[in-house]
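Worksheet for the structure shown next.
The values are calculated or read from the model by the stated rules, or taken from the named source; none is laboratory data. Small disclaimer: the values here were computed from a predicted structure and weren't measured. Here the Cβ positions follow ideal geometry from the backbone for every residue, glycine too, while neighbour counts run over all protein chains shown. Areas reflect the complete protein model, heavy atoms only, side chains present, ligands, DNA and RNA absent. Shrake-Rupley method; radii C 1.70, N 1.55, O 1.52, S 1.80 Å.
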Amino acid sequence: MEGYKQFTWSFKMSDLFQKSDVEIFNKRFALTTKYLPKNLIARDQQINEVVNLVRPMLSYGEPKNAMIYGKTGTGKTVVVKYVLNKLEKKTKEENFKISSVFINCKAVNTTIRIILEILDTIAPEEKIQRSGLSTSEYYNFLWKILNQKGLSVIIVFDEIDQLNDHNILYNLSRAGENQNLEFENSIGIIGLSNDLFFSDQIEPRIISSLNSRDFVFPPYNANQLIQILEDRVDIAFEKGVLDYGVIPLCAAYSAQEHGDARKALMLLENAGEIAECENAQKVLESHVKKGYELLNTNCLLEMVKTLPIQSKIILYTIIELVRKKGKITTGQVEEHYKEICKKVGFRVLERTSISKLISELDMIGLVNAPVQHRGRFGKTRLISLCNDDKLIENVLFEDPSLKNLAPIFTRPQ
Ligand code: ADP
Ligand code: MG
């Protein structure tokens, strides 16, 4: 991390953007999630499963609904996009009236916005009132358009666990039976999620009306990750700039975690960027190692950023105390925590809640807090830090509620 900060760009006066004699990247976008690869590695079975969901539509039948589970970077999004792209091609060639809509529930998660998103895709020519109508008016408008156009649609809910209101799944899946749609039109639903237990959060009546097939995408192994990376390097990088150990190392690191293809691609991009900043002739294994450190630090800081405020206060308390005293106990944290709460004007939690939050911070790896048995004195935790406390502290200070804790001259505005 420290090393990375010291990298400098070497500029030539004639061309501000000329970084070195050797260019590292060619078309870098091939490493991003926006890029849709021509071929997918090790996903034939999964592609087939998705094809089978939509196949009935090509003989004027109803598509099947499905939930696709799998950890991040196991190719859920890319597999579904790949199949829907092929379906769109086939639809155009053979004049089927089939459309597909891709909804990222992280960005669009309320019922009306989702209906508008569907309408925008299937009927871009319609001028639709963006607000002021009731939900049922928006639904009716959607049924009307589908019937008018004689359309069937596949609706993909990516990151479906972020959806606000599950009723939309019920209403869309029941549209045919409720006679909102003509018999030749149908709606298929495909939900994607990292959360294997998502269906536990849905009401049974919605589950039963969805009647979905469930699939789980397995993680990639190191060899498959190597193939995924190799498939893109000719586009992403200049010829011959990757040292031979680079791709296997990116794959090994990512396979070790949970076979995450996204991480493998990000790691390769990071390594390339570091090589570029160092003005190196080639991307080396040492650049991958630095890239890996950087990637992990960024993930960690993102995690700190999104902690609830009380966890942030506890984490800050631990940082301050550990700096003064080394390893500390739960009791010491509790005492100091009360003072910090006073400084930032937050409610003081009970001892049991404080303990719970410390154990959560331990579980996600932000602190080390093993339980120690102290004979007749009972149990306590012996708490220490496992990461760069200065970096974490700076992220905590970015929270407007905690900015009073920062030294005055460094406070964010
Ligand atoms: P998920 O949706 O499961 O989190 P993505 O589908 O977004 O994962 O995949 C993450 C990244 O890895 C994307 O850039 C994607 O293009 C790439 N990727 C995933 N699986 C494959 C594969 N089988 N072949 C080629 N690239 C893949
Ligand atoms: Mg995804």
State whether one or more residues within the stretch 265-275 are open to solvent by less than 30 Å² (accessible area, probe 1.4 Å) and outside any helix (DSSP H, G or I).
no
Going through D389, D399, D362 one at a time, which residue ends up being assigned by TED's automatic domain parsing to the domain that holds I319 and either closer than 17 Å to T297 by Cβ or open to solvent by 70 Å² or more (accessible area, probe 1.4 Å) (or both)?
D389
Can you tell me which residue is most open to solvent (accessible area, probe 1.4 Å) among those in the stretch 42-87 that are within 13 Å of ligand 2 (Cβ to nearest atom) and of a type in the set (F, W, Y)?
Y82
Answer yes if at least one residue in the stretch 174-192 is of a type in the set (K, R), outside any loop (DSSP other than H, G, I, E, B), away from ligand 1 (no atom under 16 Å from the Cβ) and over 25 Å from the mean Cα position of the chain (by Cα), and no otherwise.
no
Going through the stretch 15-41 one residue at a time, which ones are open to solvent by 80 Å² or more (accessible area, probe 1.4 Å), under 23 Å from V83 (Cβ atoms) and at pLDDT 95 or above?
F29
Contact list please: Cβ distance under 6 Å, first residue in the stretch 360-387 and free of Cβ contacts under 8 Å to residues at least 60 places away in the same chain, second residue part of a loop (DSSP other than H, G, I, E, B) and surrounded by 14 or more Cβ atoms within 10 Å (Cβ to Cβ), pairs at least six apart or on different chains.
D362/A369; R381/A369; L382/K327
Kindly evaluate D161 against the criterion of being more than 23 Å from I41 (Cα to Cα), within 16 Å of ligand 2 (Cβ to nearest atom) and either open to solvent by 70 Å² or more (accessible area, probe 1.4 Å) or free of Cβ contacts under 8 Å to residues at least 60 places away in the same chain (or both).
yes
